[in-house]
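A short worksheet on the structure shown next.
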Amino acid sequence: MTTHTLPPSRPLQLPALAGWVVFTFVFAAIGAFATSQAGAFYQQLDRPAWAPPAWLFGPAWTALYALMAVAAWRVYRTASERSVRPELTLYVAQLALNALWSWLFFAWHNGPLAFAEIIVLWLAIAATIVAFGRRDRVAGLLLLPYIAWVTFAGALCYSIWQRNPGVLG
């Protein structure tokens, strides 16, 4: 991973940061809409002893989405829009996959598809980390908590699906 430093004259681009935050949280809101009844649904599921309480998901995801937005902004700042298009396209793809997972699991109660999709999401995040890290080492590092959480979420998704075949298909 290399770190591209910006010339000292390059502005901080706070409006661009705000744009990436808003853009990222739009996808968070799409996923969150699917989880509007998640608390009650999650409580009725047979969960492993290591499953976190429902209240932890909101703060955890808020922090992760904030880190993701800053990472995207850092990559955006490294070069011209055209040169970072592949990296940012990967970023948008994994955002869409992340939002889709919430719909598959919480709204549509489709455990097998949610588990398969979280594997695809994990691969997309890994590809984004590599791509971001090539542009800006810090941007890649900012996504490590995200992939760690999704790794945990994948194991949790599988466990809950297996414990609740009647509810999660």
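A full extension of the chain between Leu141 and Leu56 corresponds to an added length of 28.3 nm, given 0.36 nm per residue minus the alpha carbon distance. A dipole drawn for the chain from +1 and -1 charges on Cβ atoms has a positive end, and of Thr151, Val70, Phe106 the residue lying farthest that way is Val70. Entry note, segment 14-168: relative contact order of 31 percent, from Cα contacts under 8 Å with a spacing of 6+ residues. So which residue, out of Trp73, Trp101, Trp50, gets the largest mean-square fluctuation from a GNM of the chain using Cα contacts under 10 Å as springs? Looking only at Trp73, Trp101, Trp50, the biggest GNM fluctuation is shown by Trp50. Rounded to the nearest 500, the helix-only mean residue ellipticity at 222 nm of the chain stands at -24000 deg cm²/dmol, with each DSSP H run of n ≥ 4 adding -39,500 (n - 2.57).
Annotation for segment 106-169 versus segment 33-55: alpha-carbon center distance of 17 Å. Put simply, the amide H of Gly169, placed in the peptide plane, has neighbours under 5 Å in Gly111, leaving out anything fewer than 5 places away on its chain.
The residues packed around Asp136, meaning those with a beta-carbon under 11 Å from its beta-carbon, carry a net charge of +4 if Lys and Arg are +1 and Asp and Glu are -1. The listed peptides 15-26, 147-158, 114-125, ordered by packing as a protection proxy, come out as 114-125, 147-158, 15-26 (highest mean of other Cβ atoms within 10 Å first). Each of (i) 15.8, 54; (ii) 17.1, 60; (iii) 17.7, 55 is a candidate for Rg and Dmax of the Cα atoms in Å; the one calculated from this structure is (ii).
Values quoted throughout were computed directly from the atomic coordinates according to the rules given, and no laboratory measurement underlies them. These numbers come from a predicted model, not from an experiment. Positions of Cβ are backbone-derived with ideal geometry, glycine not excepted, and every protein chain shown enters the neighbour counts.
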